[in-house]
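Have a look at the structure below, then the notes.
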Amino acid sequence: MSERQVAVLGVGMHPWGKWGRNFVEYGVAAARAALADAGIAWRDVQFVAGGETIRNGYPGFIAGASIAQALGWSGAQVTSCYGACAAGSQAVSVARAHILAGNCDVALVVGADTTPKGFFAPQAGERGDDPDWLRFRLLGATNPVYFALYARRRMELYGATDRDFAKVKVKNARHGLENPYARYRKLVTEEEVLASPMVSDPLRLLEICATSDGGAALVLTSMAYARRRTTDPVAISAVATVTPRYPNTVIEMPNFATDSAAAAPPPPVAFRDSIAAAAYAQAGIGPEDVDVAEVYDLSSALELDWYENIGLCPPGDAEKLLNDGVTTLGGRVPVNPSGGLSCFGEAIPAQAIAQVCELVWQLRGQAAGRQVEGAKIGVTVNQGLFGHGSSVVVQR
Amino acid sequence: MKNKVSAMASWFDARPERPRLIGSRCRSCRSYFFPRESFACRNPACGAADLEEVPLSASGTLWSYTDNRYQPPAPYVSPEPFAPYAIAAVELADEKMVVLGQVANGVATADLQVGMRMELVVETLYSDDANEYLVWKWAPAAGSRS
Ligand SMILES: [Zn+2]
């Protein structure tokens, strides 16, 4: 076991949905649930790290401080972290660093979001120097367009089929059925997935992650502090927040082009393969040690890419892993037992934190209706816009 | 008669006889960038400040493709009613990079195949009272239509 661990003493979430209320409310609910779970009073929290999103990022809406104020000013130190979909892991990373540096014993990590309807849209105004604005103006390239480019590429490289992609959705719908925090809790069949409207060929409506409201929180403490309160705490043994290496030869949202490999060869490990690898190296484990994984299934097809990216199987074998039931509850390494983004939809600054909440419940044996039996080591992975990798290893 | 202008003049030379994307190339390590890099080479082994403006290859091979069947939010300027369009990711051989573009009007995903030859064309993206704004699109190269 690494000496650089921090304990997760409490986890809490506000259910995902389309509630239309202020994000602070979800953040406070999640924070109070995590504090109650930890048995720690809010006034004993010494450091607050908020996962931030741009929509919440106007003056007066800085996540960490807004939620701390709503909980009642206590003098705690505070930060807010923005890293697109990886914002939550960055908040975890900062809180962990403060604990390991001896700067505090008890930290609250919290992220929450309120989302608009429909496609995510860029900031308003004329923003001719902002690639996220320009990709809508010049290309009409929505997020699903990028997911679909990866999906088509997967079909071309590995012979993946529409039916393989639909099976991922069917699996995740079944996993999330009894998760009280999931927004979509309904079984679907392959036929229903394949009959849902095509959004961006080859991806259909039921295969693309929705946008949701929700909140998630963790109470992190030093291991010494945790051991005074519990005998067998769940620990975070790695947090990776890596960026790509040049040249990044896979087209990334919201870019118009990849890096050029004309002068420098592509790195030996591609960006998405490097994310969990960095976390494994920190934790001193390998993919063969993983019992359960929460991966960022922005689309059904992308979940298959992640199987390979986090080392569960070699490139091209993900469909076989899925079809053999290896990644289904009861299989060797269940993926997205929470139901994943497929059942949640994306609440950006909360999502990477929610992934950790799920793994903590799994490792404690508290994931009723979706429990991975005997899970000891779990990994999360996600990727945020503009080159933010994120992966957390949780173990017991 | 409206003026025909590039929707993004610093990125795209829209002259119909020779449409070209405009990128930059590092004079030191010869890395390419699109859109143009304004102040320094992004190759971490280089970092030189000496960049030149270059037209990118006007053809390449199709790396992947998709389409969009629902109207995107602003700032996309949609015709009424909305018309679906395909989008291509095309790999340029000399530059060793992949560049996105909409696919020419009238070409659907069923007409596309990964690996096929694509070439750059000019089409109208949207219009206002004064101007017609032109953008680059990718179209299957002559003889490549499946
Ligand atoms: Zn250079």
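The values are calculated or read from the model by the stated rules, or taken from the named source; none is laboratory data. Everything numeric in this text was worked out from a predicted model, so none of it was measured. Cβ atoms come from the backbone with ideal geometry, glycine included; neighbour counts cover every protein chain shown. Protein only, heavy atoms only, side chains kept; ligands, DNA and RNA dropped before computing areas. Shrake-Rupley method; radii C 1.70, N 1.55, O 1.52, S 1.80 Å.
Expressed as a whole percent, the accessible surface of segment A:76-152 that belongs to carbon and sulfur atoms is 48, based on a 1.4 Å probe.
Does any residue of segment A:141-164 lose at least 50 Å² of accessible area with all protein chains in place compared with its chain alone, and if so which ones (probe 1.4 Å)? Listed in order, they are A:149, A:152, A:153.
In a reduced charge model with +1 at each Lys and Arg Cβ and -1 at each Asp and Glu Cβ, segment B:58-140 shows a dipole moment near 300 debye about its Cα centre. Geometric descriptor of chain B, per residue, is 138 Å³ (volume of the convex hull of the Cα atoms).
Seen through its C-alpha gyration tensor, with square-root eigenvalues sorted a ≥ b ≥ c, segment A:80-189 comes out oblate because a/c lies at 1.5 or above while a/b is not bigger than b/c. Net charge in the neighbourhood of residue A:325 (other residues with Cβ under 12 Å of its Cβ; Lys, Arg +1, Asp, Glu -1) is +4.
Comparing A:29, A:63, A:257 in a Gaussian network model of chain A (Cα springs below 10 Å), the most mobile by mean-square fluctuation is A:257.
Each distinct pair of alpha carbons in chain A adds a 1/r term; the inverse of their mean, the Kirkwood radius, is 20.8 Å.
Where does the Debye-calculated log10 I(q)/I(0) of segment B:58-140 sit at q = 0.14, 0.20 Å⁻¹, using only Cα point scatterers of equal weight, no solvent? With no solvent term, the Cα-only Debye profile gives -0.49, -0.90.
What accessible area, summed over both chains, is buried at the B-A interface (1.4 Å probe, Å², nearest 100)? Before the final figure, lay out the partial values.
Working: alone 8630 and 15540 Å², together 20590 Å².
In total, chains B and A hide about 3600 Å² from solvent.
Highest GNM mean-square fluctuation among A:204, A:32, A:55, for chain A modelled with Cα contacts below 10 Å: A:55. Using a Förster radius of 45 Å, what is the FRET efficiency between residue A:373 and residue B:126 based on their Cβ-Cβ separation? Nearest 0.05, please. Given R0 = 45 Å and the Cβ-Cβ separation, E is 0.20.
Taking A:22, A:382, A:179 as the candidate residues, the one with maximal mean-square fluctuation in a Gaussian network model of chain A, Cα springs under 10 Å, is A:22. Within segment A:228-259, the residues that become at least 20 Å² less accessible when every protein chain is included than when their own chain is isolated (1.4 Å probe; DNA, RNA and ligands ignored) are A:246, A:251, A:256, A:257, A:258, A:259. Between residue A:126 and residue A:178, the contour length at 0.36 nm per residue exceeds the Cα-Cα span by 14.2 nm. Its alpha carbons give segment A:265-396 an Rg and a Dmax of 13.7, 48 Å. Relative contact order for segment B:58-140: 32 percent, from Cα pairs under 8 Å spaced at least 6 residues apart, divided by residue count. For chain A, the relative contact order comes to 25 percent (Cα pairs under 8 Å, sequence separation of at least 6). Taken about its Cα centre, chain A carries a charge dipole of roughly 780 debye when the Cβ of each Lys and Arg holds +1 and the Cβ of each Asp and Glu holds -1.
When the charge dipole of the protein assembly as shown is built from unit charges on Cβ atoms (+1 for Lys and Arg, -1 for Asp and Glu) and taken about the Cα centre, the candidate among A:241, A:390, A:371 whose Cα reaches farthest toward its positive end is A:371. Close amide H partners of residue B:48, meaning residues 5 or more places away or on another chain with modelled amide H under 5 Å apart, are B:41.
Under 1.5 on a/c is rounded, so check that first for segment A:263-317, then, if it is not, pick prolate when a/b is larger than b/c and oblate when it is not; a ≥ b ≥ c are the square roots of the alpha carbon gyration tensor eigenvalues. Numbers along the way, then the final one.
Details: a/c = 1.88, a/b = 1.13, b/c = 1.67.
Oblate, since a/c reaches 1.5 and b/c is not below a/b.
Skip the ligands, DNA and RNA, and give the accessible area per residue of the protein assembly as shown with a 1.4 Å probe, whole Å².
Numbers: 20590 Å² over 542 residues.
So the protein assembly as shown comes to 38 Å² accessible per residue, rounded to a whole number.
Counting protein heavy atoms only, segment B:58-140 has 48 percent of its accessible area on carbon and sulfur, 1.4 angstrom probe.
Phi-derived couplings, Karplus 6.51 cos²θ - 1.76 cosθ + 1.60 at θ = phi - 60°, listed residue by residue for segment A:42-49: 3, 6, 8, 6, 9, 8, 10, 10 Hz, with x used for Gly and Pro.
Taking 32 Å as the cut-off for C-alpha to C-alpha distance, list the pairs among A:117/B:137; B:2/B:137; A:167/B:137; A:117/A:376 that go past it. Don't skip to the end; give the middle numbers.
On the way: A:117/B:137 29 Å; B:2/B:137 21 Å; A:167/B:137 34 Å; A:117/A:376 38 Å.
Result: A:167/B:137; A:117/A:376 exceed 32 Å.
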